[in-house]
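Contents: one structure, followed by commentary.
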Amino acid sequence: MAIPTTGDMTPNPRAESSYLLKPNLSTNYPVVDRGEGPYLFDTAGRRYFDGSSGAMTANLGHGLKEIADQMAAQASTVAFTFRNQFSNVAAEELARKLCQLAPGDLDRAFFVNSGSEASEYAIRMSIHYWKERGQPNRTKILGRLTSYHGMTMGALSISGHAGRRPDYGPLLHDFASVPPAYCYRCPFGLEPDGCATECADAWETAIAAHGADNVAAVIAEPIVGAAGGVLVPPPGYFRRLREICDRHDILLIADEVITGIGRTGTWFASATEGIVPDLLLLAKGMSAGYTPMAAVLVGQRIVDVIAQGSGSVPFGHTFSANPLSASICASVIDYIEHNDVLDNVNARGAELRDGLAALSQRHACMVDVRGRGLLWGFELVRDRASRRLFDAALNAAGELVAACLDHGLVVYPAGIAPLNNAIIVAPPLIVTTEQVGELL
Ligand code: PLP
């Protein structure tokens, strides 16, 4: 058969204006062609304030020349090596930076390409660890009902996010059963002043129900993002969870895909309570959206067991530890360090908190402004006194997000599925006081 030359090719008769498959087939998404600081610009010339950093990802805003220059320099040096054949200078350097910033004995880093893959890797690593210790029955990874750890089947099995689980029944486990740390709607019916972190003790109940000898690890986000609309646990929650894990000799995985690398005003949100998880997941903010990359920081305690056992970690991906992505992430960390970005997060975060609290006073349906650093959420209620929610059919958060977009502001819909009752406001960490004012 003759291979057609370009001249022989007739245009596709079904040619569409866009061949990109979008999440909502009936929506005309603005087509972005440029970004600068916290702003995005579309091909129609409209400007958008990126008030949620996309999905809490574009943490340094858009179009940073320092990062672009580093990207070009690394691409012209070496852009790919395969992890089973080589290490590479850029990945070694990124691992060194991360492990030196991380608390305790989180002294090794493995690199993957997305938050979901980081969850998958942590699942495998936990199970591998117990196999190496001669306890192959420990295969369960317990999680919380309002939690999200990724879209792949393993990650979804340990996520409670009800809106993202249906349809995949036979492929998923029900490992997420622990009630959330959700003070505004406490699952134990308590108010913050009468609370003894019963939500943390609930982990122990779940561990007992599954049998500690079957549990490899537990996973939790220090602050829940999309699955709850920024749920900050009561003080002491993570210290208690760490104690419970230690008592039952169970690994603790901190999912810092949203909170890690400065979003909450410290490098790692789990450090707020002084705890050291056994595995720590990073993604979005680690690359600030300049490349798809994620990491799993692994405690030396785990590495030692493997070193004394099989000596191998037989899982990973083709693009693991990609040198181009690694050098971009390293330059993100450098930028944060050299430009006092964490100080900016705390100062601008306080301004944003105060501004949102003032708005909440003016709008009866906007309640429970909650968050830390530059990660803020609030809830939408039909009735403030009873905390009654809008009907799910109204899609209150979706409507508000769409209205904001019409006015050139990007915010993120979140909350307990299917209600979508919360909004996340999380601008890039480099915003100025004036820009916080504009956003508000
Ligand atoms: N973990 C958390 C806490 C997340 O918020 C997300 C995504 O929103 C993920 C994991 C999955 O990350 P990704 O979408 O990069 O696969």
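Label-to-label distance, GLU273 versus PHE315, with points set 7 angstrom from Cα along the beta-carbon direction: 2.6 nm. Between HIS338 and SER26, the modelled label-to-label distance comes to 5.0 nm, taking each label 7 Å out from Cα in the direction of the beta carbon. Taken along the Cα-to-beta-carbon direction at a fixed 7 Å, the label points for ALA347 and LEU440 span 1.6 nm. Inter-part distance, the stretch 19-57 to the stretch 329-367, computed on C-alpha centroids, equals 21 Å.
About its Cα centre, what dipole magnitude does the stretch 70-338 give when the only charges are +1 on Lys and Arg Cβ and -1 on Asp and Glu Cβ, stated in debye to the nearest 20?
Numbers: 20 positive and 26 negative charges, 92 e Å.
Its charge dipole is roughly 440 debye.
For a straight C-alpha distance cut-off of 22 angstrom, the lysines reachable from LYS131 (same-chain residues fewer than eight places away being disregarded) are LYS140. DSSP beta bridges fully contained in the chain are about 70 percent antiparallel.
Computed packing ranks the peptides 303-312, 422-431 as 422-431, 303-312, most packed first, by mean other Cβ atoms within 10 Å.
Could you give the alpha-carbon Rg of the chain over 2.2 N^0.38 Å, rounded to two decimals? List each step's numbers first, then the result.
On the way: Rg = 22.4 Å, N = 440, 2.2 N^0.38 = 22.2 Å.
That ratio works out to 1.01.
We did not get these values from a lab; they are worked out from the coordinates using the rules stated. All of these numbers come straight from a predicted model, not from anything done at the bench. Note: ideal-geometry Cβ built from the backbone for every residue, glycine included; neighbour counts use all protein chains shown.
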